[in-house]
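Colleague: Mind looking over this structure? Questions follow.
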Amino acid sequence: MPFYLGRKAIRKVPGTVIKAAPIPKPEITEGFGTRERVGQLCAEAGFESVLLLTDETLFSLGLHEKVAASLEANGIRYTIFHAIHSEPTTDILEAGREAAMDCEADCIVALGGGSVMDSGKIIAASAKHDLLPLSHYLHKFAIAEGGTLPMINIPSTAGTGAECTVGAVVMNSRGVKCSTVVIGLDVAHVILDSELIVNAPREVTVWCAVDALSHGLEGLLADVGSSEEDIFRSRECVRLILENLPVLLEDPHNVEARQATLRAANYGGNAINTQLAGYVHAFAHAIGGLYHIPHGKAIAWCLVPVVAAQESWCYEELSALAVHCGEAEEGDSPEEAADRMIAVLRELLEKCGLEKRCELLKKEDYGRLIGRIDADSVNYSPSRTFSDSEVRMLLDQIRRGY
Ligand SMILES: [Fe+2]
């Protein structure tokens, strides 16, 4: 098989694998202050002892207090573990696992961003199967036979969708970031509480929202044979961000708009589970990793050039999205509607006032970046495969600005 066709065939594999993997279908509770319902939810589910996971920042701000009070009011025993930070090491995960076993937790409540929830997934799996070493859950696919401890996830950002995704990014014992898919993850409930994000700084709000939007958009461009329901959720993810991020730029404390971005991020998480990400993420991971750029910021640089480069293979998906978002009419030509969709993305990023050019990108790094982009892209099932020269041209475009 020629090399190019071989690469194309490999990219069909992830889309096939996700069809077979079980994904959590949590109940969702939404609304300002709704984390106060966690105790009642635990009581209704019959949980008796909870490990409440959070990070130092949220703990020092006291954002866990309403959760703790709610557990107490409903007679649920709980232990707080707040040592999680942005890059959780195996030592921290081991300590979390021990804390869960010491308190005989029958539920993990994770309150925080992606790293808290991702740590929670590993702890929920490893604490249930205490005869297996933690390293068992740090392989690319971590099979938790018989499931994990049930989780109740309360995201404190509206971006990653990690509250429902089966993937987790943590550090392995060599201190290297690794991503793992927890097969059998049990997320019983997700609480989308806008009180946790209503004071988020502008930059964080924008990066998280753009990341969420990219999950829905890349899901729609993936060649995975999505269901109608998943297509609808991914389109809604994009529409909700297009509609509500501009509102938040003007009125950051708008609770309805904050709540809508949480819903969008959750739909984006569904897209990652059922449709996977794509080349925007492959570029952003490579650039972000090499130059230590926050994920959402790297996504914002890559989004328009990388989506535009796929346009001619994805007219149908982009034009249908434009119609769904009210940016095009049913009768418009697919090419016009797809053009409009890309223009709308560009306008949104311009409104956010982000730097357009990624000046950090250096030509001498292109070789390494191309290798990393190619390696990362095999985790997805994009509609087409870029050649090395196309990747090089796209890096030039990202450097020059969208
Ligand atoms: Fe992302």
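Quick note: the coordinates plus some simple rules give every number you see, no bench work behind them. Since we're looking at a predicted model, the values are computed, not measured. A quick note on method: Cβ atoms are made from the backbone with ideal geometry, for glycine too, and the neighbour counts reach across all protein chains shown.
Colleague: With every atom except the alpha carbons ignored, what do you get for Rg and Dmax of the range 23-161, in angstroms?
Modeller: Rg then Dmax for the range 23-161, in Å: 14.0, 40.
Colleague: Rank Val109, His139, Leu149 by how far each Cα sits towards the positive end of the charge dipole of the range 88-179 (+1 on Lys, Arg Cβ; -1 on Asp, Glu Cβ) and give me just the farthest.
Modeller: His139
Colleague: Let me ask something else about it. Return the FRET efficiency for the residue pair Glu229, Asp388: r is the Cβ-Cβ distance, R0 is 41 Å, and the value is rounded to the nearest 0.05. All intermediate terms of the calculation are to be shown ahead of the outcome.
Modeller: Numbers: r = 37 Å, r/R0 = 0.90.
The computed FRET efficiency comes out at 0.65.
Colleague: Moving on to the next point. Using square roots of five times the C-alpha gyration tensor eigenvalues, list the equivalent-ellipsoid semi-axes of the range 303-367 in whole Å, biggest first.
Modeller: 27, 15, 6
Colleague: Also, quick follow-up: For all pairs of alpha-carbon atoms in the range 64-107, what percent lies in each bin of width 10 Å, listed from the first bin to the last filled one?
Modeller: Histogramming the range 64-107 at 10 Å steps yields 25, 47, 26, 2 percent.
Colleague: Lysines within cross-link reach of Lys363: Cα-Cα under 24 Å, excluding same-chain residues under 8 positions apart?
Modeller: Lys297
Colleague: GluC sites (Glu not before Pro), restricted to the range 145-253: which are DSSP loop and have at most 12 other Cβ atoms within 10 Å?
Modeller: Counting only loop positions with at most 12 other Cβ atoms within 10 Å, the GluC sites (Glu not before Pro) in the range 145-253 are Glu145.
Colleague: So for the chain: antiparallel DSSP bridges make up what percent, rounded to the nearest 5?
Modeller: 20
Colleague: Oh, and also: Run through all the Cα pairs of the range 96-148 and give the fraction in each 10 Å bin from 0, expressed as whole percent.
Modeller: That works out to 26, 58, 16, in percent per bin.
Colleague: What span do the alpha-carbon atoms of the range 267-402 cover on each of the three principal axes, reported in whole Å from largest to smallest?
Modeller: 46, 31, 29
Colleague: Something else about it: Relative contact order for the chain using alpha-carbon pairs under 8 Å, separation at least 6, rounded to a whole percent? Could the numbers behind the result be given before it?
Modeller: On the way: 787 pairs, mean separation 66.2, N = 402.
Once normalised by length, the contact order is 16 percent.
Colleague: Using a Förster distance of 56 angstrom, determine the FRET efficiency expected from the C-beta separation of Arg368 and Phe32, and round it to 0.05.
Modeller: Efficiency at R0 = 56 Å is approximately 0.80.
Colleague: How large is the convex hull of the C-alpha atoms of the chain per residue, in Å³?
Modeller: 136
Colleague: Ranked highest first by the average count of other Cβ atoms within 10 Å around their residues, in what order do 30-41, 147-158 fall?
Modeller: 147-158, 30-41
Colleague: Okay, next question. With all distinct Cα pairs included, what does the Kirkwood hydrodynamic radius of the range 177-325 come out to in Å, to one decimal, could you say?
Modeller: 15.9
Colleague: Could you pull the Cα extents of the range 330-402 along its three principal axes, largest to smallest, in whole Å?
Modeller: Extents along the principal axes: 44, 30, 19 Å.
Colleague: Turning to a different aspect of this structure: Across the range 215-297, how large is the tail of the calculated P(r) beyond 17 Å, expressed as a percent of all Cα pairs?
Modeller: Percent of Cα pairs beyond 17 Å in the range 215-297: 53.
Colleague: Under 15 Å Cα-Cα from Lys177, which aspartates and glutamates qualify once same-chain neighbours fewer than 8 residues away are excluded?
Modeller: Filter leaves Glu87, Asp91, Asp118, Asp376.
Colleague: Taking only the C-alpha atoms, wrap a convex hull around the range 85-177 and report its volume per residue in Å³ as a whole number.
Modeller: 90
Colleague: Sort Lys351, Lys177, Lys297 so the one with the fewest other Cβ atoms within 10 Å of its own Cβ comes first.
Modeller: Arranged by neighbour count, lowest to highest, Lys351, Lys177, Lys297 become Lys177, Lys351, Lys297.
Colleague: Another question about this same structure. Hey, fewest Cβ within 10 Å first, where do Val280, Val176, Val344 land in order?
Modeller: In increasing order of surrounding Cβ atoms, one gets Val176, Val344, Val280.
Colleague: Using only alpha carbon pairs under 8 Å that are at least six residues apart, calculate the relative contact order of the range 34-111 and give it in whole percent. Working shown, then result.
Modeller: Details: 113 pairs, mean separation 35.1, N = 78.
Taking the mean separation of contacting Cα pairs over the length of the range 34-111, I get 45 percent.
Colleague: Write down the radius of gyration of the range 134-260 and its Dmax, each obtained from C-alpha positions, in Å.
Modeller: So, for the range 134-260, Rg and Dmax equal 16.5, 48 Å respectively.
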